[in-house]
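Comments concern the structure below.
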Amino acid sequence: MTFPLLILRAEPGASATASRAAKLGLSAIRYPLFDVRPCVWEPPDPANFDAMLLTSANAVRYGGRDLGLYKHLPVYAVGEATALAARQEGFQIARVGHSGVQAISDFMGQRAHARVFHPAGRDRKDFNPGSVMMVPRCVYEAVEAGTAEGLAAVLPIEAVALLHSPRGAVRLARLVPMIERRRLHLAAISPAVLDAAGVGWASGDWSTQPRDEALLALAASLCK
């Protein structure tokens with residue numbers, strides 16, 4: 001028996017993941033646990049920076065017109081999806097990181113960047129910027145969506161839930177009562193994300209790389 005995937009990330013990421021899953025021959029149910037919305041933000045002086053850090057494509061999607069003030073800066077992006085979104089808006093990519101924000105932050109320090117602009121979400125992952133002065137701005141936020149009843153209505157007898165973030169894992173745990181957790185196998189994008197989901201699930205594992213493709217490869221093995 002092959003289990004369907006349960007995709008819980010916000011749009012448009014949910015649709016992108018569903019499309020990748022379909023190419024692998026996997027069926028998927030989309031039930032986003034968050035909606036992404038722009039934040040009102042005050043742009044700092046672009047002349048004060050020598051680089052920009054992007055950790056999510058959502059920063060590009062929801063940053064608005066003011067984000068264009070920083071197109072002269074070299075961009076360090078976490079993940080191909082983030083880099084693609086930035087390129088499509090005319091930003092110049094200096095480097096794409098595939099090992100998370102800490103690794104690319106360390107690389108920026110090695111390149112002697114002093115002040116870096118970091119447009120991001122309201123819920124940001126903590127990291128050590130080292131010698132680099134990071135100036136963050138909240139340009140988008142993910143607000144909770146869905147309900148326990150709504151999730152229960154679409155949940156099949158057994159499924160593999162994809163977990164893309166610690167916050168998503170915590171929210172899933174809040175929505176699924178302990179007695180129902182044995183119906184779900186968890187595929188998490190990192191060990192920290194899996195830990196955030198807590199206990200009681202049918203099974204759980206994390207992908208070898210923090211990328212959607214690696215997560216889907218793991219999920220495909222759990223679906224069988």
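The table below gives the values:
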| item | result |
| --- | --- |
| Test: residue in segment 134-142 that is of a type outside the set (Val, Ile, Thr), in contact with a Ser or Thr (Cβ under 6 Å, 6 or more places away or on another chain) and closer than 20 Å to residue 56 by Cα | no |
| Selection within segment 92-107 - over 14 Å from residue 211 (Cα atoms) and either small (Gly, Ala, Ser) or out of contact with any Gly (no Cβ under 9 Å at 6 or more places or on another chain) (or both) | 92, 93, 94, 95, 102, 103, 105 |
| Search result, residues across segment 168-209 that are free of Cβ contacts under 8 Å to residues at least 60 places away in the same chain and basic (Lys, Arg) | 174, 181, 182, 183 |
| Cβ pairs under 6 Å, 6+ apart, first in segment 20-47 and free of Cβ contacts under 8 Å to residues at least 60 places away in the same chain, second assigned to a helix (DSSP H, G or I) | 28/18; 28/21; 30/14; 30/18 |
| Flag for residue 159 being of a type in the set (Gly, Ala, Ser), surrounded by 21 or more Cβ atoms within 10 Å (Cβ to Cβ) and farther than 20 Å from residue 211 by Cα | yes |
| Qualifying residues in segment 94-108 (those that are surrounded by fewer than 16 Cβ atoms within 10 Å (Cβ to Cβ) and free of Cβ contacts under 8 Å to residues at least 24 places away in the same chain) - the one farthest from residue 57 (Cα to Cα) | 103 |
| Any hit, segment 51-65, residues being free of Cβ contacts under 8 Å to residues at least 60 places away in the same chain and touching a helix residue (DSSP H, G or I) at 6+ places or on another chain (Cβ under 9 Å) | yes |
| Meets criteria (in contact with a helix residue (DSSP H, G or I) (Cβ under 6 Å, 6 or more places away or on another chain) and either modelled with pLDDT of 95 or more or within 23 Å of residue 87 (Cβ to Cβ) (or both)) for residue 32 | yes |
| Residue identified as under 29 Å from residue 223 (Cβ atoms) and either aliphatic (A, V, I, L, M) or surrounded by 15 or more Cβ atoms within 10 Å (Cβ to Cβ) (or both) among 114, 145 | 145 |
| Counted residues, segment 174-224 - those being farther than 26 Å from residue 100 by Cα, out of contact with any strand residue (DSSP E or B) (no Cβ under 9 Å at 6 or more places or on another chain) and not in a helix (DSSP H, G or I) | 3 |
| Residue satisfying all of: in segment 136-145; in a strand (DSSP E or B) and not β-branched (Val, Ile, Thr); farthest from residue 103 (Cα to Cα) among these | 144 |
| Residue in segment 166-175 that is modelled with pLDDT under 95 and not assigned by the TED database to the domain that holds residue 63 present | yes |
| Strands (runs of 3 or more DSSP E) wholly inside segment 27-135 containing at least 1 residues that are over 19 Å from the mean Cα position of the chain (by Cα) and more than 24 Å from residue 193 (Cα to Cα) | 51-54, 74-78, 92-97, 115-121 |
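The values are calculated or read from the model by the stated rules, or taken from the named source; none is laboratory data. Please read all numbers here as calculations on a predicted model, not as lab measurements. Don't worry about glycine lacking a Cβ; one is built from the backbone with ideal geometry, like all the others, and counts go over all protein chains shown.
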